[in-house]
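In what follows, a structure is listed as structure tokens, so that the remarks can point back to it.
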Amino acid sequence: MEEGMYRAVSGGRIALQRRQYSASCREFSVRCPRLQLRSLSAATCSVWLAAYGLFVLSQNSMVLSAAIFITLIGLIVYLHFVKIDQESLLVIGSLGIQMTSSYASGKENTTFIEMSQVKDVVINEAIYMQKVIYYLCILLQDPREPHGVSEVVPLFQSSKPRLDCLVEVYRSCQEILEQRKTSDFTRTLN
Amino acid sequence: MVENSPAPLPERAIYGFVLFLGSQFGFMLYLVWAYVPESWLFSLGLTYWPQKYWAVALPVYLLVTLGIGYVLLFGINMMSTAPLNSMHTITDNFAKNQQQKKSQEEAIPALRDIPISEVNQMFFLADKGICNRN
């Protein structure tokens, strides 16, 4: 198991963990930095100061309770729906590819793509907001029509690693996908 | 077939001069309407004018439209950018329908779109000494 520190597109630090379970099975996990106490307290203080300012202007104490309520609900919603802790990619050569995102509240989202639908894993460049970023994506094909790309599935959407991290993951994935091509070839020969 | 060229022609000179005279006349008319008091205009017999309110309102409307137009153009640009999971970032109709001609010996190969898998292999799987990437 190897671990490396890299940077995300936004500049934050992320950690890439690579595990090799067997010759055709590898897992890559990208871990984002956890929610910092200073940003949490900064946000809470600013919301509460604004609410206190409103209270001084309007003399309505409901503003203060509403601010506390909003802060709590907002924090819970943020941790459960927005803040992603870790995104991992599990590539099993003969079976498929599984993507898992785990949120800070413990929720996990999993997607599995069968290997016959996977055409290739490539690094694509696209315009995102006001930047051009590199991102890793899976090209899906229709099993009946092997020469066309039917869909593009972007990976590591929340952590957005930079090119050096993506190249590591790309090279590892290509090693596994090449084994699939050689095994297909020997199967069609026999 | 008529050739389009930006060279000066007599017709273009006439159009330009008519436009110049028309715009100067329009501007003078606007100034007269905005500044001359109504009583003087009525005494001349010209009674059917729009309200003077519009002499101030219309320029304000135009400037606000200009300001909103900047924001709107920015937003339209962002909306029409293809999302990261769209097929338009990989290929398009022209690339799908291009012909796969066999390259002849000693001839320059035909221009074609290289598939993204090949491009990736060239960039990222080739030996590091060959390509110099930032």
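Conditions (1) touching a Lys or Arg at 6+ places or on another chain (Cβ under 8 Å); (2) free of Cβ contacts under 8 Å to residues at least 60 places away in the same chain; (3) of a type in the set (G, A, S); (4) closer than 29 Å to A:Q36 by Cα, marked per residue:
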site: A:T110; (1), (2), (3), (4): no, yes, no, yes
site: A:K119; (1), (2), (3), (4): no, yes, no, no
site: A:R171; (1), (2), (3), (4): no, yes, no, no
site: A:I176; (1), (2), (3), (4): yes, no, no, no
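Given the condition of a type in the set (A, V, I, L, M, F, W, C) and touching a residue at least 40 places away in the same chain (Cβ under 8 Å), answer yes or no: does some residue in segment A:49-72 qualify? Show your work before the answer.
Of the residues in segment A:49-72, the ones of a type in the set (A, V, I, L, M, F, W, C) are A:49-51, A:54-57, A:62-64, A:66-70, A:72.
With the extra rule that they be touching a residue at least 40 places away in the same chain (Cβ under 8 Å), the set shrinks to none.
Within segment A:49-72, not a single residue is of a type in the set (A, V, I, L, M, F, W, C) and touching a residue at least 40 places away in the same chain (Cβ under 8 Å).
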Task: Boolean, A:R18 is in contact with an Asp or Glu (Cβ under 7 Å, 6 or more places away or on another chain), over 14 Å from A:R162 (Cβ atoms) and in contact (Cβ under 8 Å) with a residue 24 or more places away in the chain - done: yes
Open item on the list: Condition check: of a type outside the set (K, R) and at pLDDT below 90. Does B:A57 satisfy that?
Closed with: no
Open item on the list: Looking at A:S10, A:S88 in this structure, which one is touching a residue at least 24 places away in the same chain (Cβ under 8 Å), closer than 30 Å to A:K119 by Cα and either open to solvent by 60 Å² or more (accessible area, probe 1.4 Å) or assigned to a helix (DSSP H, G or I) (or both)?
Closed with: A:S10
- [ ] Would you mind finding the one in A:A50, A:A23, A:A67, A:A42 that is out of contact with any strand residue (DSSP E or B) (no Cβ under 6 Å at 6 or more places or on another chain), more than 21 Å from A:C137 (Cα to Cα) and open to solvent by less than 30 Å² (accessible area, probe 1.4 Å)?
- [x] A:A67
Task: Test set (1) assigned to a loop (DSSP other than H, G, I, E, B); (2) open to solvent by 40 Å² or more (accessible area, probe 1.4 Å) - A:K181 fails condition number - done: (1)
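Listed here are the residues, each with its yes/no results for (1) under 30 Å from A:Q141 (Cβ atoms); (2) of a type in the set (F, W, Y); (3) surrounded by 10 or more Cβ atoms within 10 Å (Cβ to Cβ); (4) more than 14 Å from chain A (Cβ to nearest Cβ).
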residue	(1), (2), (3), (4)
B:E3	no, no, no, yes
B:V36	no, no, yes, yes
B:A55	no, no, yes, yes
B:F74	no, yes, yes, no
B:S86	yes, no, yes, no
B:L111	yes, no, no, yes
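Just give me the residues in segment A:14-32 being within 14 Å of the chain's Cα centre (by Cα) and part of a strand (DSSP E or B), in sequence order.
Within segment A:14-32, the subset within 14 Å of the chain's Cα centre (by Cα) is A:14-17, A:27-32.
Selection gives A:I14, A:A15, A:L16, A:Q17, A:E27, A:F28, A:S29, A:V30, A:R31.
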Open item on the list: On the basis of being polar (S, T, N, Q) and within 14 Å of chain B (Cβ to nearest Cβ), does A:T111 make the cut?
Closed with: yes
Task: Residues of segment A:123-168 satisfying the condition of being facing chain B (nearest Cβ under 10 Å), out of contact with any strand residue (DSSP E or B) (no Cβ under 6 Å at 6 or more places or on another chain) and in a strand (DSSP E or B) - done: A:A126, A:I127, A:Y128, A:I133
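Among B:A82, B:A95, which is the only one that is touching a Ser or Thr at 6+ places or on another chain (Cβ under 7 Å), within 14 Å of chain A (Cβ to nearest Cβ) and closer than 23 Å to A:Y134 by Cα?
B:A82
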Open item on the list: Tally up the residues in segment A:125-141 that are open to solvent by less than 60 Å² (accessible area, probe 1.4 Å) and in contact with a helix residue (DSSP H, G or I) (Cβ under 6 Å, 6 or more places away or on another chain), please.
Closed with: 3
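The values are calculated or read from the model by the stated rules, or taken from the named source; none is laboratory data. Keep in mind that what you see is a predicted model, and the values were worked out from it rather than measured. Using ideal geometry, Cβ is built from the backbone for each residue, glycine included, and neighbour counts are taken over all protein chains shown. What goes into the accessible areas is simple: the full protein's heavy atoms, side chains included, and nothing from ligands, DNA or RNA. Shrake-Rupley method; radii C 1.70, N 1.55, O 1.52, S 1.80 Å.
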